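Novice: First the structure, which I've put down as structure tokens, then a few questions once you've had a look.
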Amino acid sequence: MDNNSTKGRDHWGSKLGFILAAAGSAVGLGNIWKFPYITYENGGGAFVLLYLVCILCVGFPIMVAEFLLGKISEKDAVGCFGIFRPDNKIFKFIGIIGVFTGFIILSYYSVVAGWTLEYTLKSLTCSEFIVDKPDYSSPELRKAIFKKYGTFTPAEKSEILLKAGFTAEAGKQAEQNSEANWKTLFESNDENYVSLRAPLIDQVVEKARAELGEQKFEESAIMMTKQHKASKIFGEHLGKGGSMLFWHAIFMIFTAVIVYGGISGGIEKASRILMPILFLLLGGLMIHSLTLSGGIDAFKFLINPDFAKLNKHSILEALGHAFFTLSLGMGAMITYGSYLSKKDKVTSSAMTVSILDTLIALMACMVLYPILFTYNTEVSAGAGLLFITLPALLAGSSGGSIILTVFFILVAFAALSSTISLLEVVVTYTNDEFGWKRKTSTIVNSVVIFLVGVPSALCFGGNKFFTELTLLSKGDAKLNWFDSFDYLASNWLLPVGGLLIALFIGWMIKDQEKHELIKEELGSSFYPFWNFLIKYVSPVCVAIIIANKIGLIE
Ligand code: TRP
């Protein structure tokens, strides 16, 4: 059975088609959603440099390794290990972890991808997000104004706290306690605190109004109200179980239809359409963003390295993200590589894919940051960046609804070209290892993955049981189904998978003939360089992340 499936194997129609498909796998929510916000949180330029080093020293060599494993074996992510080491079945486990990881990632990735479809529709009119007049009596707005414009010195703070009845404490803890008390005073719903803080908030509101002038003050208040509204809309969106399931299902159906069409007839064709459009839309939006007044500042933020902003978490984050964004560590690139023709060389393809992926991530930053800088928003660019901050900033501005719509279409395209690669890993596996037909593989796997994703769609309020269910915990935080899967996959399974793949190809291949094949593929000048990276540099880097996660090193 195994041999038969190799013989009739589908192939990419052209090298360009393969590159577009692999770039499509790499370019996804990771580039357009996650990269901009982790870069923002880690201070911009310096993090970008760190990330580039990770892509070059770890990501790129592992991508070459995955392409080679696939191309030489012409097998799925599990079977390829059997071709390179037929004597020992244990190595197939690396691939089994990979296929399992693909399953897990796709189940929740499709849920988020579904949101982008619903948000595309919302953006067409933007009506929900628009605010004409701020309601100055709303407690949320008053609190937001207080947060933004209330500047108190520590001495003033402690005086206020003392008056409010909090006792002053001395020693190391004092500062932390006063922060906590301050929070209690301004966040708690206790009536006592509410009435205590009311005059203070009034004071700040009036001071801000006087200092900014009526018009500026109103603009600022509208913006805050919009942000509040957008965050409420997002919360309601997450809580609607039925529509979350609907969009999750729609996205899985799109994915399945493409994968059903096969390699050259489905994935390659789709990538040839999706990727150029994505690139053009992103380029267009970037040009528009650069004309905004915050454009220059955004550009400076992205290229000026400020190393003081980096910490040890930044390094881990950069390395972990390098795996996720290049779709490494679980056999996606092994699978795509297995459909390469013998004549196509892998090194230049891996280089092009890594460059395109990085370019698109940087372009996404240059679309988003100018908007953030122009509106000088206080909102942190966290996970709410796409679904809260962006609609809040753009709704009601000139052309805002068009820009938002184009943006969400683009994110949906990026997500779709990634979900097809995730499904293809599982489909190629069941085809090659169990001899299933593509039709059966696609349908069965999509349905099962959809079902595994159901709790991810319902755990944000859509269903009581799944909302309350916690699977894992991370420090003190209890993780729901969605977050547990994301945490498990991006923080553990991908880095461990990547480490094992690097160790396997660097150290475990005994067969001289296979070494010769690899050398021949890479060329005599590149081979030693790659060999050094894959044998020593990549495994050591990845082992450091893992050791740090386990708590072996601080
Ligand atoms: N690389 C994609 C992104 O950046 C996600 C993705 C697609 C992926 N296929 C993968 C991640 C395989 C890991 C493994 O969004």
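Novice: Among the residues of the range 23-47, which ones are more than 15 Å from the ligand (Cβ to nearest atom) and open to solvent by less than 10 Å² (accessible area, probe 1.4 Å)?
Specialist: If we filter the range 23-47 for residues that are more than 15 Å from the ligand (Cβ to nearest atom), which is where we start, we get 40-47.
Within the range 23-47, GLY43, GLY44, GLY45, ALA46, PHE47 meet the criteria.
Novice: Restricting to the range 469-501, count the residues that are part of a helix (DSSP H, G or I) and of a type in the set (S, T, N, Q). I'd like the intermediate steps shown before the answer.
Specialist: Applying the first criterion (part of a helix (DSSP H, G or I)) to the range 469-501 yields 481-501.
So of that shortlist, the ones also of a type in the set (S, T, N, Q) come out as 484, 490-491.
The total comes to 3.
Novice: Can you tell me which of (1) away from the ligand (no atom under 12 Å from the Cβ); (2) modelled with pLDDT of 95 or more; (3) open to solvent by 10 Å² or more (accessible area, probe 1.4 Å) is the one THR358 doesn't meet?
Specialist: THR358 satisfies every listed condition except (1).
Novice: Scan the range 505-524 and give yes if some residue there is in a helix (DSSP H, G or I), within 16 Å of the ligand (Cβ to nearest atom) and at pLDDT 90 or above, otherwise no. Quick ask: steps written out before the conclusion?
Specialist: Within the range 505-524, the first condition is being in a helix (DSSP H, G or I), and the residues that meet it are 505-508, 512-522.
After this cut, where a residue has to be within 16 Å of the ligand (Cβ to nearest atom) as well, the list is none.
No - not one qualifying residue is present in the range 505-524.
Novice: Would you check which residues across the range 395-411 are open to solvent by 10 Å² or more (accessible area, probe 1.4 Å) and either assigned to a helix (DSSP H, G or I) or in contact with a Lys or Arg (Cβ under 9 Å, 6 or more places away or on another chain) (or both) and list them?
Specialist: Across the range 395-411, the qualifying residues are GLY396, SER401, ILE402, ILE403, THR405, VAL406, ILE409.
Novice: Residues ARG209, ARG142: which one is open to solvent by 30 Å² or more (accessible area, probe 1.4 Å), more than 30 Å from PHE254 (Cβ to Cβ), in contact with a helix residue (DSSP H, G or I) (Cβ under 9 Å, 6 or more places away or on another chain) and without any contact (Cβ under 8 Å) to a residue 12 or more places away in the chain?
Specialist: Working: ARG142 fails: without any contact (Cβ under 8 Å) to a residue 12 or more places away in the chain.
Answer to the selection: ARG209.
Let's see how each residue does on (1) in contact with a Leu (Cβ under 8 Å, 6 or more places away or on another chain); (2) away from the ligand (no atom under 16 Å from the Cβ); (3) in contact (Cβ under 8 Å) with a residue 24 or more places away in the chain:
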| position | (1), (2), (3) |
| --- | --- |
| ILE94 | yes, no, yes |
| ILE97 | yes, no, yes |
| THR101 | yes, no, yes |
| GLY114 | no, no, yes |
| SER123 | yes, yes, yes |
| VAL131 | no, yes, yes |
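Results for (1) hydrophobic (A, V, I, L, M, F, W, C); (2) within 28 Å of PRO276 (Cβ to Cβ); (3) assigned to a helix (DSSP H, G or I); (4) in contact (Cβ under 8 Å) with a residue 60 or more places away in the chain, shown as yes or no for each residue.
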{"residue": "SER25", "(1), (2), (3), (4)": "no, yes, yes, yes"}
{"residue": "PHE35", "(1), (2), (3), (4)": "yes, yes, yes, yes"}
{"residue": "ALA46", "(1), (2), (3), (4)": "yes, no, yes, yes"}
{"residue": "TYR51", "(1), (2), (3), (4)": "no, yes, yes, yes"}
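Novice: Filter the range 412-444 for residues that are outside any helix (DSSP H, G or I) and without any contact (Cβ under 8 Å) to a residue 60 or more places away in the chain and give the result. Give the derivation first.
Specialist: Of all residues in the range 412-444, those outside any helix (DSSP H, G or I) come to 435-437.
Hits for the range 412-444 are TRP436, LYS437.
Novice: Which numbered condition trips up VAL257, out of (1) in contact (Cβ under 8 Å) with a residue 40 or more places away in the chain; (2) loosely packed, with under 15 Cβ neighbours inside 10 Å; (3) within 30 Å of ALA22 (Cα to Cα)?
Specialist: (1)
Novice: May I ask you to say which residue of LEU20, LEU56, LEU69 is away from the ligand (no atom under 16 Å from the Cβ) and in a helix (DSSP H, G or I)?
Specialist: On the way: LEU20 fails: away from the ligand (no atom under 16 Å from the Cβ); LEU69 fails: away from the ligand (no atom under 16 Å from the Cβ).
Going through LEU20, LEU56, LEU69 in turn, just one is away from the ligand (no atom under 16 Å from the Cβ) and in a helix (DSSP H, G or I): LEU56.
Novice: While we're looking at this one, here's another question. Enumerate the helices (runs of 4 or more DSSP H) found wholly within the range 280-347, keeping only those where 1 or more residues are within 16 Å of the ligand (Cβ to nearest atom) and either polar (S, T, N, Q) or open to solvent by 10 Å² or more (accessible area, probe 1.4 Å) (or both).
Specialist: Details: elements: 295-303, 312-325, 332-337.
By residue number, 312-325, 332-337.
Novice: Being more than 16 Å from the ligand (Cβ to nearest atom) and part of a loop (DSSP other than H, G, I, E, B) is the requirement here; does PHE466 meet it? Let's see the steps before the verdict.
Specialist: Numbers: more than 16 Å from the ligand (Cβ to nearest atom): yes; part of a loop (DSSP other than H, G, I, E, B): no.
No; evaluated as a whole, the condition is false for this residue.
Novice: Answer yes or no as to whether LEU458 is open to solvent by 50 Å² or more (accessible area, probe 1.4 Å) and either touching a Cys at 6+ places or on another chain (Cβ under 9 Å) or aliphatic (A, V, I, L, M) (or both). Don't jump to the end; show me each part of the working.
Specialist: Values: open to solvent by 50 Å² or more (accessible area, probe 1.4 Å): no; either touching a Cys at 6+ places or on another chain (Cβ under 9 Å) or aliphatic (A, V, I, L, M) (or both): yes.
No.
The values are calculated or read from the model by the stated rules, or taken from the named source; none is laboratory data. Predicted, not measured: the structure shown is a model, and the values here were computed from it. With ideal geometry, Cβ positions are generated from the backbone for all residues, glycine too; neighbour counts draw on all protein chains shown. For accessibility, only protein heavy atoms count, side chains too; no ligands or nucleic acids. Shrake-Rupley method; radii C 1.70, N 1.55, O 1.52, S 1.80 Å.
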